[in-house]
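Taking it in order: structure first as structure tokens, then the write-up.
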Amino acid sequence: MKFSAFFMCTALCFAGTRPRASSFDYRTQEKAGDVTIAAEVLPPQQVKNLFSTDLSKYIVIEAAVYPNDGTTADVHTGDFMLRVGSGETIRAANPAAIARTRQQASTPKRGSASDINIYPSATVGYESGPYHRGVYTATGVGVGVGGPQGPNYPPPPASTDQDRRTMQGELEDKGLTEGTAAKAVAGYLYFPASSKKNVTYDLEYNGASGRARLMLK
């Protein structure tokens, strides 16, 4: 099996996003042994523009890992945690779990009308390339209003198994590339939003290469 010149994978890996030319092109960066970690928080409006899946209850962070020349880095989303304020820490959410939660939230209870939902567009396909490999959805949203349920009515948006697979595919395709990286890799991390207001966020990295703490805002 041949691997991209940008990264080698010893396990299943996602396409991620194109890393920026330098770690200094991100809002913050820190060294962690033989790698440099860079990151920044995406504003809510940018998240809406980039994702068809509703991520209004998540903090989306664009993260990148830059191995030193001649070295490799084992990249895992589990190495990252978000520290809220001075105490609470949150692990990144799995795309499958996010999609399942959205599906459950969009499925109306028997005998009741569903709420208005923002849901992924119906365009589903497969794309192959260094940074856009796998299932993808066309950028955009739709609005569904609850109503009668039955064989003669379509299911509410974002409530079917196909919707769940579409959302999961989009989040995996754009998520931080995992595996053994010989060159810079990047992608998004999805953290459940804290109920606390006006707090600071620090991204903590605890990987095989070392530790780093990045002050995001």
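Things worth noting here:
- Relative contact order %, segment 43-96, counting alpha carbon pairs below 8 Å whose residues are six or more apart: 17 percent
- Solvent-accessible surface of segment 22-62, averaged per residue with a 1.4 angstrom probe and all protein chains in place: 49 square angstrom.
- Gain upon complete extension [F24, S86; 0.36 nm per residue less C-alpha separation]: 19.7 nm
- Figure note: M167, M215 ranked by solvent-accessible area, largest first, 1.4 Å probe, ligands and nucleic acids not counted: M215, M167.
- In this calculation the C-beta distance from T200 to R165 is compared with R0 = 35 Å, giving a FRET efficiency of 0.45.
- In the context of the full protein assembly, S159 retains an accessible surface of approximately 20 Å², using a probe radius of 1.4 Å and ignoring ligands and nucleic acids.
- Most to least accessible of T36, T89 (protein chains only, probe 1.4 Å): T89, T36
- Each 5 Å bin from zero up to the one holding the largest Cα-Cα distance in segment 159-217 carries the following percent of pairs: 4, 12, 15, 21, 17, 15, 11, 5, 0.
- Carbon + sulfur, % of accessible area of segment 28-75 - ligands and nucleic acids excluded, 1.4 Å: 44 percent
The values are calculated or read from the model by the stated rules, or taken from the named source; none is laboratory data. What you see is a predicted model; the values in this text were computed from it and never measured. Here the Cβ is made from the backbone with ideal geometry for all residues, glycine too, and neighbour counts use every protein chain on show. The area values use the complete protein model at the heavy-atom level, side chains included, leaving out ligands, DNA and RNA. Shrake-Rupley method; radii C 1.70, N 1.55, O 1.52, S 1.80 Å.
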